[in-house]
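Right, one structure below, let's go through it.
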Amino acid sequence: MLPIQPKIQHMNRKLRMGMVGGGRGAFIGAVHRMAANLDGKIELVAGCFSSDPAKSQASGEDLYLDPSRVYSSWADMAEKEAALPADKRIDFVSIVVRNDLHVRVAKAFLEAGINVVCEKPLSYSLEEGKELAAVVAKSGKVFALTHNYTGYPMVKEARAMVKAGKLGRILKIVAEYPQGYAISALKEQADGAISNWRMDPSVAGISNCIGDIGSHAENLARYITGLEIEEIAAELSTFIPGRPLDDDGNMLVRYEGGAKGIIYASQVSTGDENNLNIRIYGTEASIEWHQEHPNELVVKFADKPREIWRRGNSYNGSEASANTRLPFGHPESFIEAFANLYLAAGEAIRDEVEGRYPRPEGYDFPDIGDGLAGMAFIEAAVASSKNNSAWTKPGH
């Protein structure tokens, strides 16, 4: 993660965005479009929304796009967009396809000279992610990864507190991401059928739960504390009969510098919805944040009452304030956090288009380095679990 950027410098036009994936019926593609559009600085102008050309065209019609800018394949889109005049072609592409396509699509656009915003995880495997990192470095283009929970203002407030030393030395990190939506599949999928692509190893990779939501918990801890994982001891489980990939995971973590951690991710935690939360304990204070109540950050002390910091107040630091749109008492949430990533990535893309990329002071969005760390975490967790939860070092 690079340092925080200064205030956005405006161009005299909107950034032109393309999208691969996210057609009719796709949840995350619509989220990306809403987030990118929220601040009026980005305009969707082109896309390949499905591997089915008819569905791609229909999705383009839904979005009122010029039919000539709706493509039947992502390879065709990369080639034809790159061939357009500079005042017409897309400035960046948003990639919202399945895991096994992330790297192939990203490489095609980077090699065509087009900036990339990509869904997580970075790649199908760590080895594939390293190949993409080399392409990013060679291209000189912007590559942003949408670990969207880093976009919440109070997550940025937590990060600023840690950087300022307000917690003292970090001793322990507890990051949890319990969901319960898959519990119904215990009966429905007793025949062993794969109900979604995240449970298909040929598409999702070596992990379902840890790759999907455990990587968010890992990234949130890394973003707030700046600490790297030294080694991990993991037990991954598959509770739903017939499924080839994990739906639950419990991990002990040793961080560089001596801090200890627990990361827990589950899709069979009955009754939980999207309960990502993190607690960070230091020698001077601790902090606690819950994604389902994102406008509050709890700060706790050994010798005085706890404090509840709320988004949008004058006591918030510059990082939280710069990522806040509404006054206090008017809740901001998931779409706004996602939009903050697009604002930060958009600033880097504007700089690239105008020949100023990268700035020495950096930018505040997850990048290729965060993606590699996430893939190394996933592979280390799986390797540890297969080896009777032996301590395992990430391979990046």
Self-check item: Karplus-derived HN-Hα couplings along the range 348-354 (A = 6.51, B = -1.76, C = 1.60, θ = phi - 60°), whole Hz, x at Gly and Pro
Solution: 5, 5, 4, 4, 5, 4, 8
Practice problem: Excluding GLU379 itself, calculate the net charge of residues whose Cβ lies under 14 Å from the Cβ of GLU379, where each Lys or Arg counts +1 and each Asp or Glu counts -1. | Solution: -2
Practice problem: Post the alpha-carbon centroid distance, the range 83-112 to the range 258-308, in whole angstrom. | Solution: 37
Exercise. Tell me which residues come under 5 Å, amide H to amide H, from THR392 once H is placed; ignore anything under 5 positions away on its chain.
Key: ILE232, ALA233
Self-check item: Alpha-carbon centroid distance for the pair the range 212-250 / the range 8-59, whole angstrom
Solution: 30
Self-check item: Helix-only mean residue ellipticity at 222 nm for the chain, each DSSP H run of n ≥ 4 adding -39500 (n - 2.57), per residue, nearest 500
Solution: -10000 deg cm²/dmol
Quiz item: Which number do you get for Rg(Cα) / (2.2 N^0.38 Å) in the chain?
Solution: 0.97
Exercise. Can you tell me the order of 296-305, 150-159, 75-84 when each peptide is scored by its average per-residue count of other Cβ atoms within 10 angstrom, highest first?
Key: 150-159, 75-84, 296-305
Quiz item: How do CYS209, CYS48 rank when sorted from fewest to most other Cβ atoms within 10 Å of their own Cβ?
Solution: CYS209, CYS48
Exercise. Would you order SER59, SER314, SER94, SER389 from fewest to most other beta-carbon atoms within 10 Å of each residue's own beta-carbon?
Key: SER314, SER389, SER59, SER94
Exercise. With θ set to phi - 60°, apply the Karplus curve 6.51 cos²θ - 1.76 cosθ + 1.60 along the range 90-99 and write out the HN-Hα couplings as whole Hz, x wherever there is a Gly or Pro.
Key: 5, 7, 7, 10, 9, 9, 10, 8, 6, 3
Quiz item: Considering amide H positions built from the backbone, and no H for Pro or chain starts, which residues 5 or more places from ILE42, or on another chain, come under 5 Å of its amide H?
Solution: LEU15
Quiz prompt | Residue order, fewest to most beta carbons within 10 Å, for ARG104, ARG311 | solution = ARG104, ARG311
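Read-outs: derived from the displayed coordinates by stated rules, not from any lab. A quick note: this is a predicted structure, and the numbers were derived from the prediction, not measured. Glycine gets a Cβ as well: all are built from the backbone with ideal geometry, and neighbour counts include every protein chain shown.
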